[in-house]
Every structure is written in C-alpha cells, then in structure tokens.
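The values are calculated or read from the model by the stated rules, or taken from the named source; none is laboratory data. Values in this document were obtained by computation on a predicted structure and should not be read as measured data. All Cβ positions, even for glycine, are placed from backbone atoms using ideal geometry, and neighbour counts span all protein chains on display. Ligands, DNA and RNA are excluded from the accessible area calculation, which covers all protein heavy atoms including side chains. Shrake-Rupley method; radii C 1.70, N 1.55, O 1.52, S 1.80 Å.
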Amino acid sequence: MAQRLHLVFGGELTDPQTTEFENVEDIHVVGLFPDYDTAYNAWKAEAQRTVDNAHMRYFIADIHRLREGGAEDNPADDGTGS
C-alpha cells in the first residue's frame, strides 16, 4: 500500500479572506504525517492554539498527491526518487 503523506503548515495571512502569507520566511511547518487523521489532529491543535488571531491559518497539504502528479509530468521517473 502506498504511503499517504500529509504536510501541516501555517502562518499569518495578509488578509483573512486570502491564502497569501504575510511573510513566507515565517511559515510554521508543524510536520509531515503518515496519514490524514494524524495530520488533521496536528492541524486542529495548531488552529485551536491560534484561534484568537484571525490572520493565522493552518493547512493540510496532500504530499502524496503532489508526488503522484509529479510522476505523471515526468514519464522517465521510475518512482525511486533517484
């Protein structure tokens, strides 16, 4: 079974109505997680911790989807990562 990696990250946005970060250098990388449920729990903890700041947002990125998309873009990629 393929790994389903998820990245949880967040930071302060320029405007709560957008997803543009105020300062990319200040993005908080919470971590890389082996499944959605674990990532969701980490996301929820960070979102609750920063609930008083309307400009703070945390996201879950499906790393496995990026990887699968990358393989489609490069037909020579054999999936070994080398």
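Counting 0.36 nm for each residue step from Ala47 to Gln3 and taking away their Cα separation leaves a gain of 13.3 nm.
Which whole-number value in Å² is the accessible area per residue of the range 1-66, probe 1.4 Å?
On the way: 4660 Å² over 66 residues.
About 71 Å² of surface per residue is accessible.
Protein heavy-atom surface of the range 1-58, 1.4 angstrom probe: 50% of the accessible area is carbon and sulfur, with nucleic acids and ligands not counted.
Think of each Lys and Arg Cβ as +1 and each Asp and Glu Cβ as -1; about the Cα centre, that makes the dipole of the range 1-59 roughly 320 debye.
Model label sites at Ala54 and Thr38, defined 7 Å from Cα along the beta-carbon direction, differ in position by 3.6 nm.
Loop-located GluC sites (Glu not before Pro) in the range 1-54 (DSSP state other than H, G, I, E, B) with a sparse environment of at most 14 neighbouring Cβ atoms within 10 Å: Glu20, Glu22.
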